[in-house]
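The values are calculated or read from the model by the stated rules, or taken from the named source; none is laboratory data. These figures come from a predicted structure and were not determined experimentally. Counting neighbours? That spans all protein chains shown, and the Cβs are built from the backbone with ideal geometry, glycine included.
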């Protein structure tokens, strides 16, 4: 098999997996909205138009965990339980470097410190290819350069144009090209990483920000899969215990959802809120991560 054939097959496979996420995303939204009523497998399958048996297989393949286990981890109190060792989890991760399960070892950062003036240029000379794809938590807009993922945001109903506008604002000097074939392999690996799956190769990130933002985002990368910490935990880990508010602003400005896991930061009370793409989606991501961790030990 030559290289061109291999790449084409990889792209086709990634596109098929992406399309298969649609019923998973609808089911996750349904379970998040109705978790207090504890919908049965049959009720959830009917909601997405699949037989219970087929839905069970599709959901587990896309989310990495069964619908029943996912629903269990949506129950109230799971965040507080997971927060019990939040500070120690982050301390241990900092000591060990980037957390192994994230598999994001190839991190590319463009910052004032690393390339003088690059931050001010905001993408000058870069080409960012982008496309919207289906994922386990709904449609997402992904932008990437040759170095890695530069943008990943969730799309609400009909807001692709708005999200693309935000991406252009973050990289105003870059050239943008719609390219679904280029994005498909990035999407496949990103969603595999989101379910703690094995990656065939490291997944690079290409982000830009102030020095402080970059430090916060690197701290987020060190939070283990399924772990939770507070804004205060991160501030203390960075040596600025009074900077919780500044940490919150940097977390909120993250432009690569899922991969730079800003969803793993919550209030010290255990309340899940203040997520750029909605508290319900944040709760769904955390529930899936914790359920996958429990299932895999």
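Starting from residues that are assigned to a loop (DSSP other than H, G, I, E, B) and touching a helix residue (DSSP H, G or I) at 6+ places or on another chain (Cβ under 7 Å), keep the ones in the stretch 134-171 and report whichever is surrounded by the fewest Cβ atoms within 10 Å (Cβ to Cβ). Write out each step before concluding.
Of all residues in the stretch 134-171, those assigned to a loop (DSSP other than H, G, I, E, B) come to 136-137, 145-148, 155-159, 171.
Filter once more, keeping what is touching a helix residue (DSSP H, G or I) at 6+ places or on another chain (Cβ under 7 Å): 136-137, 155.
On the way: 136: 24, 137: 27, 155: 20.
Looking at the filtered set, the residue picked out is 155.
Going through the stretch 172-181 one residue at a time, which ones are surrounded by fewer than 20 Cβ atoms within 10 Å (Cβ to Cβ) and not in a helix (DSSP H, G or I)?
If the condition is that a residue be surrounded by fewer than 20 Cβ atoms within 10 Å (Cβ to Cβ) and not in a helix (DSSP H, G or I), then 172, 173, 175, 176, 177, 178, 179 are the ones that fit.
Residue check: is residue 238 assigned by TED's automatic domain parsing to the domain that holds residue 145, touching a helix residue (DSSP H, G or I) at 6+ places or on another chain (Cβ under 8 Å), free of Cβ contacts under 8 Å to residues at least 60 places away in the same chain and closer than 27 Å to residue 122 by Cα?
Working: assigned by TED's automatic domain parsing to the domain that holds residue 145: yes; touching a helix residue (DSSP H, G or I) at 6+ places or on another chain (Cβ under 8 Å): yes; free of Cβ contacts under 8 Å to residues at least 60 places away in the same chain: yes; closer than 27 Å to residue 122 by Cα: yes.
Yes, satisfied.
crowded, with 20+ Cβ neighbours inside 10 Å and either under 26 Å from residue 22 (Cα atoms) or at pLDDT 60 or above (or both): is that true of residue 129 in this structure? Full working, then the answer.
On the way: crowded, with 20+ Cβ neighbours inside 10 Å: yes; either under 26 Å from residue 22 (Cα atoms) or at pLDDT 60 or above (or both): yes.
Yes; evaluated as a whole, the condition is true for this residue.
Which condition number does residue 227 fail, the rest of (1) crowded, with 22+ Cβ neighbours inside 10 Å; (2) in contact with a strand residue (DSSP E or B) (Cβ under 8 Å, 6 or more places away or on another chain); (3) in contact (Cβ under 8 Å) with a residue 40 or more places away in the chain being met?
With respect to (1) crowded, with 22+ Cβ neighbours inside 10 Å; (2) in contact with a strand residue (DSSP E or B) (Cβ under 8 Å, 6 or more places away or on another chain); (3) in contact (Cβ under 8 Å) with a residue 40 or more places away in the chain, residue 227 is out only on (2).
In this structure, does residue 258 turn out to be modelled with pLDDT under 90, in the same structural domain as residue 186 (by TED's automatic domain parsing), surrounded by 15 or more Cβ atoms within 10 Å (Cβ to Cβ) and in contact with a strand residue (DSSP E or B) (Cβ under 7 Å, 6 or more places away or on another chain)?
No: the conditions fail for residue 258.
Being under 25 Å from residue 136 (Cβ atoms), buried (at least 20 other Cβ atoms within 10 Å of the Cβ) and touching a helix residue (DSSP H, G or I) at 6+ places or on another chain (Cβ under 9 Å) is true for just one of 184, 190. Which residue is that? First the steps, then the outcome.
Working: 190 fails: touching a helix residue (DSSP H, G or I) at 6+ places or on another chain (Cβ under 9 Å).
Going through 184, 190 in turn, just one is under 25 Å from residue 136 (Cβ atoms), buried (at least 20 other Cβ atoms within 10 Å of the Cβ) and touching a helix residue (DSSP H, G or I) at 6+ places or on another chain (Cβ under 9 Å): 184.
Within the stretch 203-224, does at least one residue satisfy the condition of being closer than 15 Å to residue 128 by Cα, touching a helix residue (DSSP H, G or I) at 6+ places or on another chain (Cβ under 8 Å) and at pLDDT below 85?
Here is the first cut: in the stretch 203-224, the ones closer than 15 Å to residue 128 by Cα are 204-208.
Filter once more, so that each one left must be touching a helix residue (DSSP H, G or I) at 6+ places or on another chain (Cβ under 8 Å): 207-208.
Keeping just the survivors that are at pLDDT below 85 gives 208.
Yes, some residue in the stretch 203-224 is closer than 15 Å to residue 128 by Cα, touching a helix residue (DSSP H, G or I) at 6+ places or on another chain (Cβ under 8 Å) and at pLDDT below 85.
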